[in-house]
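Colleague: One structure coming up, written as structure tokens, with questions to follow.
The values are calculated or read from the model by the stated rules, or taken from the named source; none is laboratory data. All figures in this text were calculated on a predicted structure; none of them were measured in a lab. Cβ atoms come from the backbone with ideal geometry, glycine included; neighbour counts cover every protein chain shown. In case anyone asks, the SASA skips ligands and DNA or RNA and just uses the protein heavy atoms, side chains included. Shrake-Rupley method; radii C 1.70, N 1.55, O 1.52, S 1.80 Å.
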Amino acid sequence: MACETVEISFRSYLRWKAGNLQDKRKGAVKAVPRKLSEAEREAFYNEANAARFRDMTPAQIVAILCEEGKYYGSESTLYRILNDKKAVISRTASRKPGACRIPPELKATGPNQVWCWDITWLKTDVKGMFYYAYVIINIFSRAIVGWTIEDSESPEHAQKLFERTIGKLGVQPQFVHADNGGPMRGVTLVAFLTELKVGLTHSRPRVSDDNPYIESFIRTVKYHVTFPPCFATIQASREWLAHFIDWYNTKYRHSGISYMTPMQRHLGQYLQMLEARQKTLNIASQNHPERFVNGPKTVASKPIAYLNKKASQKCQRTLLLGEIYIDRYHDRTDMRKQIDGLVSIIRESLKADPFDGSLYLFASRCRRKLKVVHWERNGFCLWQKRLEEDRFPWPKDEGEVKQITLAQLQVLL
């Protein structure tokens, strides 16, 4: 009882009684033999702040002092002393680091809103000589809207390509994105697009994913089985690329647009195709329910194409939480369902769009199991939590339905 009153353990009392009076309790003040005294720390600090060391790092200071036959302590010791005195700052005569430039977010909800373009080299049968393919892609449909092959890189060729493409289609994009190459920033091209009031954006230096759509197309071109090792003439290269782009636009089933051809999405035919696919899967699920444990797969295509999507938009979401969405279907909802089954409920029962970025919550009857489905840029996320005690708070009727923020969701979970 006495040990509990003074808040020490019985073993500490026995050690002290045996003559070992050193305080080994956690947090007790201990004498460290290798630790610098206060006088030594002040001497080290004052030496490091001498005028000759004002633009040197602690490592440089310690090295110079050692050369002069003086040793106060190590580089780490000097860092600790400076940190205690809040003096750890940039001491070198260098420029302040520049702020990281955040690229502008481009969003395409339909064709001919955002174009990307690039130039790729094509080998010839003469070593060191190349032809240059200029290609423009529509990021919403992945369709190639314009291209040409020339024997040199120049902004004049690019300007003529854009002038010809815009005249042929009868529309002009809202934005054109490219990398930082010389032809992309050439005065001829920039003046032409600026006069048309087209927004211009460029990739950040040494960032490989700032222009992904056109880079992906170029990869598809050069890894295709029919791509020749070299071209004998510029006319041969133009003929081959013309046939390839025709095949790509009209026959190639692109994984980024739900395995449709670029022209089917460009012309707006993809909605009917998605309905036909979904109808086929629903019928198959009805005929063989044992093969669709989680229900038929939800067939959908991304309604928006982003370029440099802002990371903050992935998390700043509001969710609709309410019994009106769940309770009417609890008798038919199996909490063992995974993403496909829950997405099917969102579409068919809740009559909602699972791709709108909202968070959809499903609770078990006992309110001890909770699942959350969320679409995040390139795929679905599924979170699950089970309570061993207590239950999740849940509205009892439609009048208690509320909107909650992400922070409130974290408290709920």
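Colleague: Tell me, please, whether a residue that is under 22 Å from ALA133 (Cβ atoms), part of a helix (DSSP H, G or I) and touching a strand residue (DSSP E or B) at 6+ places or on another chain (Cβ under 6 Å) can be found in the range 195-211.
Modeller: Within the range 195-211, none of the residues are under 22 Å from ALA133 (Cβ atoms), part of a helix (DSSP H, G or I) and touching a strand residue (DSSP E or B) at 6+ places or on another chain (Cβ under 6 Å).
Colleague: Name the pairs: first residue in the range 18-37 and closer than 17 Å to GLU7 by Cβ and modelled with pLDDT of 70 or more, second residue among the acidic types (Asp, Glu) and in a loop (DSSP other than H, G, I, E, B), Cβ to Cβ under 9 Å, at least 6 apart or on different chains?
Modeller: Hits for this filter: VAL29/ASP23.
Colleague: Which pairs have Cβ atoms under 9 Å, sit 6 or more apart or on different chains, and link a residue in the range 361-378 that is more than 14 Å from VAL343 (Cβ to Cβ) to one that is part of a strand (DSSP E or B) and among the small types (Gly, Ala, Ser)?
Modeller: Taking only residues 6 or more apart or on different chains, the pairs are LYS369/ALA363; LEU370/ALA363.
Colleague: A further question on this structure: Looking for something aliphatic (A, V, I, L, M), out of contact with any His (no Cβ under 7 Å at 6 or more places or on another chain), under 16 Å from VAL343 (Cβ atoms) and at pLDDT below 90 - is there at least one such residue anywhere in the range 252-271?
Modeller: There is no residue in the range 252-271 that is aliphatic (A, V, I, L, M), out of contact with any His (no Cβ under 7 Å at 6 or more places or on another chain), under 16 Å from VAL343 (Cβ atoms) and at pLDDT below 90.
Colleague: Another one. Cβ contacts < 7 Å: first residue at pLDDT below 75, restricted to the range 300-318; second residue open to solvent by less than 40 Å² (accessible area, probe 1.4 Å) and in a loop (DSSP other than H, G, I, E, B), any location; separation 6+ or different chain. Result?
Modeller: So the pair list comes out as SER301/SER258; ARG317/GLY357; ARG317/SER358.
Colleague: Given (1) part of a strand (DSSP E or B); (2) under 17 Å from VAL373 (Cα atoms); (3) open to solvent by 40 Å² or more (accessible area, probe 1.4 Å); (4) modelled with pLDDT of 80 or more, where does TYR360 come up short, assuming only one miss?
Modeller: Evaluating TYR360 over (1) part of a strand (DSSP E or B); (2) under 17 Å from VAL373 (Cα atoms); (3) open to solvent by 40 Å² or more (accessible area, probe 1.4 Å); (4) modelled with pLDDT of 80 or more leaves (3) as the failure.
Colleague: Check whether at least one residue in the range 160-169 is open to solvent by less than 60 Å² (accessible area, probe 1.4 Å) and in contact with a Gly (Cβ under 6 Å, 6 or more places away or on another chain), and report yes or no.
Modeller: Within the range 160-169 (the criterion being open to solvent by less than 60 Å² (accessible area, probe 1.4 Å) and in contact with a Gly (Cβ under 6 Å, 6 or more places away or on another chain)), the answer is yes, since at least one residue qualifies.
Colleague: Restricting attention to the range 133-151, report how many residues are open to solvent by less than 10 Å² (accessible area, probe 1.4 Å), part of a loop (DSSP other than H, G, I, E, B) and in contact with a Pro (Cβ under 8 Å, 6 or more places away or on another chain).
Modeller: Going residue by residue through the range 133-151, those that are open to solvent by less than 10 Å² (accessible area, probe 1.4 Å) are 133-141, 143, 146, 149.
Now drop any that are not part of a loop (DSSP other than H, G, I, E, B), which leaves 139-141, 143.
Filter once more, so that each one left must be in contact with a Pro (Cβ under 8 Å, 6 or more places away or on another chain): 140-141, 143.
Adding up the residues that qualify gives 3.
Colleague: Residue under question is LYS279, and the condition is that it be assigned to a loop (DSSP other than H, G, I, E, B), over 19 Å from TYR131 (Cα atoms) and open to solvent by 50 Å² or more (accessible area, probe 1.4 Å); does it hold?
Modeller: Details: assigned to a loop (DSSP other than H, G, I, E, B): no; over 19 Å from TYR131 (Cα atoms): yes; open to solvent by 50 Å² or more (accessible area, probe 1.4 Å): yes.
No: the conditions fail for LYS279.
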